[in-house]
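In what follows, a structure is listed as structure tokens, so that the remarks can point back to it.
The values are calculated or read from the model by the stated rules, or taken from the named source; none is laboratory data. Quantities reported herein were computed from a predicted structural model and do not represent experimental measurements. Virtual Cβ from ideal backbone geometry, glycine too; neighbours counted across all protein chains shown. The accessibility values were calculated without ligands, DNA or RNA, using every heavy atom of the protein model including side chains. Shrake-Rupley method; radii C 1.70, N 1.55, O 1.52, S 1.80 Å.
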Amino acid sequence: MRVLVTGCAGRLGSAACADLLSHGIAVRGLDLHPPAQVGDIEFHSCDLTALTASESLAALLEGIDAVLHLAAIPVPRLGTPPDIFDLNCAATFRLFQACADAGVGHVVAASSINAIGYYFGRLPFELDYLPVDEAHPGTTSDPYSFSKQITEQIADYFARTSGIAC
């Protein structure tokens, strides 16, 4: 099995790559900069927000069985609202579309409690119930949480229209 990991140099991406490799899974990693420990990762430098990336997503998906999409601006303070939307939403849509076009049928996209707007929200609200699940109403009021909500909707869209297991 070969897995493409976006955001492979980040905290979560590095740990995920190490775990995949320890289980004998081949890893192709994408990030802006190489991870500290490249090891057996087939690394490619790639800006998912660039419309004219040095390598097309189609080429990077050749021979890939599944995608672990971890590339994102992980907290609101690390980007402007447009930056957060560009990477966390628009680039996620382009990646899912490329997976659909290439016939990659499995994509895992990172989300969080912020998909309902809870932690970083500018407008406080009470949770309706615990444990929180996918059916909990969303009340996003900040760009980061909104991006997580949109990411989940992108995954739902491609599951419906392309049969991608997300």
Seminar exercise, completed: Residues whose modelled amide H sits under 5 Å from the amide H of Ala66, counting only those 5 or more places away in sequence or on another chain, are Arg2, Leu4
Problem set entry | Assigned charges on the beta-carbon of Lys, Arg, Asp, Glu; the stretch 113-155 dipole about Cα centre (debye) | 180 debye
For this session: Measure nothing fancy, just the Cα-based angle from helix 92-102's long axis to the longest principal axis of the chain, in degrees from 0 to 90, nearest 10.
Result: 40 degrees
For this session: Name the residues whose placed amide hydrogens come within less than 5 Å of the amide hydrogen of Ile73, ignoring near sequence neighbours (fewer than 5 apart) on the same chain.
Result: Asn88
For this session: Would you mind working out the accessible area per residue for the chain, using a 1.4 Å probe, and quoting it in Å²?
Result: 54 Å²
For this session: Could you work out how far apart the two model spin labels at Ala36 and Arg11 are, taking each label as a point 7 Å from the Cα in the direction of the beta carbon, and quote it in nm?
Result: 1.2 nm
Problem set entry | Length added when fully stretched, Tyr157-Ala26, from 0.36 nm per residue minus Cα-Cα | 44.4 nm
Seminar exercise, completed: In debye to the nearest 20, the charge dipole size for the chain, taken about the Cα centre with +1 at each Lys and Arg Cβ and -1 at each Asp and Glu Cβ, equals 160 debye
Seminar exercise, completed: Of the candidate values [x] 10, 39, 39, 12, 1; [y] 11, 38, 36, 14, 2; [z] 8, 28, 28, 20, 11, 4, 1, 0, the one computed for P(r) over Cα pairs in 10 Å bins from 0, in percent from this structure is [y]
Exercise. For Ala109, which sequence-distant residues (separation of 5 or more, or a different chain) have an amide H within less than 5 Å of its own amide H, given hydrogens modelled in the peptide plane?
Worked result: His69
Problem set entry | Dipole of the stretch 98-166 [Lys/Arg +1, Asp/Glu -1 at C-beta], most positive-end residue of Cys166, Phe146, Ala102 | Ala102
Seminar exercise, completed: Rounded to the nearest 10 degrees, the helix 11-22 long axis (Cα) sits at an angle to the longest Cα principal axis of the chain of 40 degrees
Seminar exercise, completed: One finds the C-alpha centres of the stretch 91-166 and the stretch 1-36 to be spaced, in Å, by 21 Å
Exercise. Could you give the angle, 0 to 90 degrees to the nearest 10, between helix 143-162's Cα long axis and the longest principal axis of the Cα atoms of the chain?
Worked result: 60 degrees
For this session: Could you check how much of the accessible area of the chain is carbon and sulfur, as a whole percent, using a 1.4 Å probe?
Result: 56 percent
Exercise. Taking +1 at the Cβ of each Lys and Arg and -1 at the Cβ of each Asp and Glu, which of Ala36, Phe93, Thr6 sits farthest along the dipole of the chain towards its positive end, judged by Cα position relative to the Cα centre?
Worked result: Ala36
Problem set entry | Peptide ranges 63-74, 105-116 listed from the most packed, as the mean C-beta count within 10 angstrom indicates | 63-74, 105-116
